[in-house]
Amino acid sequence: MGEAPEMTTAPDAAGFRDPATGELRQETMIINMGPQHPSTHGVLRLVLELDGETVIRCKPVVGYLHTGIEKNTEYRTWMQGVTYVTRADYLSPFFNELAYCLGVERLLGVEAPERATLIRILVCELNRITSHLVWLATSGLELGAVSVMLYGFREREVIMEIFEAITGLRMNHAYIRIGGVVMDLPEEGPGKIRRLLDLLPRRIDEYETLLHDNPIWRERNEGVGVLTSERALALGVTGPALRATGIGADLRKDIPYCGYESFDFDVPVRTEGDAYARYVVRLAEMRESLKIARQALERIEETPGPVMIDDPKVGWPPRLSVGPDGIGNDPEYLRHIMEESMEALIHHFKMVTQGVEVPAGEVFSAVESPRGELGYLIVSDGGHRPYRVKIRDPSFVNLQALPALIEGYLVADTVASVASLDPVLGGVDR
Amino acid sequence: MNVDGLARKIGERVPDVLVARGEVTAVVEREQLVETLAWLRDQPDVALDFLSSVTATHWPDVDPAFWVDYELRSFPHKHRARVKVGLSEGNAHLSSVTPLFPTAEWHERETFDFYGIVFDGHPDLTRILLPDDWEGYPLRKDESLGGVPTWFHGATMPPVDERGMA
């Protein structure tokens, strides 16, 4: 055996060494992740500065999905505003509608009928489950758990079918309207929801069996993207990401709306603050939402009555129901305005073209969306259109914490961290 | 503490406090903003320790033309309040509150992006949702909306505020 060859400076075609000193270059690299990247949940761009495999700096760049929803609402009637805001955070349309309508109702000084409020709670809690299911499915996919993706979307599909039966649409429902909801539950609705409520607990158990003690899932999530409670508060983080740091803040408990204080449910909290804690919190939240949905359904069945406020100046006049073609209609009302009453026709025309007149003032109406505090600052100058609608979207604010989550971790953990924050770019960019 | 109690407590520090629709609004001068927010945050029985949102509204032809709006929430006491600052048209700048609430960074960037209000001392006051080379501040009420070009013999769809709407 001869001597080991001396380590010499190899021809440096790749430019690893400084030509003047011959030293290895110690440079960081700046790379772009996104805006079109399968793991950025939409069009999010991250500018990452890397030292080898370690992220040393991250700057999120947002705005690629900006559609001017806030500005648009200023040039539409109050009622039309619902159809815009439902498109902001498209994974939680009912929450956007609810926060907007609660705000306008507070400006008007009216309240939706009891049955409508219960239906609102029911659809919102089911919506929370679909939103968490999309989160579970997509983060599963991104971390290589493809079966979780399939199962998550399978269950979501069942709930989407229920939404379709109730509202006529799978997304962007514009179902919650100022003064109530646009139509009552269909006849087959409660039965379908009951079957769903029986099915889902078993399915959530299944996800737990697949993931809870799965070594790969734990390895990829435990200790990744750790956020302390102080940092979370300073950065404005709310929702499951905050509750995973040990702060049990939930608007449904803290500043209740829609009578949430009369429902029996818990707010799941973990203290680790890592991606795994966020997973545990979200899974537990789905079970709590099922509890609330079950109670809401029972109370809906005991509470007959209108689902739209009985105030001709606020309520939408027709009593729609979803037809076989999936479009809501009210033949009786149509006959009334077209054949019987000129006044009713004029009133209908006024409601459609001008809509509600809202007294001047401003309110901040906040609800607990699947991603945290969803707030609407609504300003009226006393006219038929909003003067200003500002959407405080939790995804937008939570995304600010992303650098705190991924700086100092490996590039591969970036994917897990972004997924665990669950941003929806439709809400971020509005 | 109920809304009126909170308003009384804040009124000890801020002369102009308003209660409407169950919401407390404190109106402060630009110079007092940072001190007031710090006081509201650190006073144990007010403890508005969480900044939910920052935004503005534009009222052209009146003074103040801009109202900057800070939505606060208290985690210990489970109540909310709003702080507002009025700014005149030609002098639309005020101190950044990022030293008090780091979360304000993106909120203030968004307000700058939409209204052109300058937050002095902000670490990185650049556009956030609009492209960097965008001209104008689109959520100002006097910003022109622009029509929609169509393919039909060069015809255009007029801007939405010129279509004879309600």
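All of the numbers you see were taken from the coordinates with simple rules; none came from a lab. The structure displayed is predicted, hence computed values, not measured ones. Please note: Cβ atoms are built from the backbone with ideal geometry, for glycine as well, and neighbour counts cover all protein chains shown.
The residue that is nearest to B:G11 (Cα to Cα), among those in the stretch B:84-109 that are crowded, with 20+ Cβ neighbours inside 10 Å and acidic (D, E), is B:E108. Selection within the stretch A:79-129: residues that are under 17 Å from the mean Cα position of the chain (by Cα) and outside any helix (DSSP H, G or I). The member of this set that is surrounded by the most Cβ atoms within 10 Å (Cβ to Cβ) is A:S92.
Here is the figure for the stretch A:87-104: residues that are under 10 Å from A:C124 (Cβ atoms) and of a type in the set (S, T, N, Q) total 1. The set of residues in the stretch B:58-83 being within 23 Å of A:Q400 (Cβ to Cβ) and surrounded by 20 or more Cβ atoms within 10 Å (Cβ to Cβ) consists of B:V68, B:D69, B:Y70, B:E71, B:L72, B:R73, B:S74, B:R80, B:A81, B:R82, B:V83. Those helices (runs of 4 or more DSSP H) of the stretch A:172-247 in which 2 or more residues are in contact (Cβ under 8 Å) with a residue 24 or more places away in the chain, of a type outside the set (A, V, I, L, M) and closer than 20 Å to A:R371 by Cα occupy A:229-234, A:240-243. Exactly one residue among A:P370, A:P403 is surrounded by fewer than 24 Cβ atoms within 10 Å (Cβ to Cβ), more than 10 Å from chain B (Cβ to nearest Cβ) and touching a Lys or Arg at 6+ places or on another chain (Cβ under 8 Å), and that residue is A:P403. The residues in the stretch B:138-164 that are within 11 Å of another protein chain (Cβ to nearest Cβ), in a loop (DSSP other than H, G, I, E, B) and either of a type in the set (K, R) or out of contact with any Ser or Thr (no Cβ under 8 Å at 6 or more places or on another chain) (or both) can be counted, and the count is 8.
For the stretch B:1-27, the set of residues classified as more than 11 Å from chain A (Cβ to nearest Cβ) and part of a loop (DSSP other than H, G, I, E, B) consists of B:M1, B:N2, B:E12, B:R13, B:V14, B:P15, listed by residue number.
In this structure, B:T103 qualifies as within 21 Å of A:L399 (Cβ to Cβ), within 9 Å of another protein chain (Cβ to nearest Cβ) and within 16 Å of the chain's Cα centre (by Cα). Restricting attention to the stretch A:265-314, the residues being outside any helix (DSSP H, G or I), at negative phi and within 25 Å of the chain's Cα centre (by Cα) number 10.
Within the option set A:L251, A:L227, A:L242, A:L233, being aliphatic (A, V, I, L, M), closer than 27 Å to A:A145 by Cα, in contact with a strand residue (DSSP E or B) (Cβ under 8 Å, 6 or more places away or on another chain) and within 14 Å of chain B (Cβ to nearest Cβ) holds for one residue only, A:L242. Within the stretch A:370-405, no residue satisfies the criterion of being closer than 25 Å to A:A234 by Cβ and over 22 Å from the mean Cα position of the chain (by Cα).
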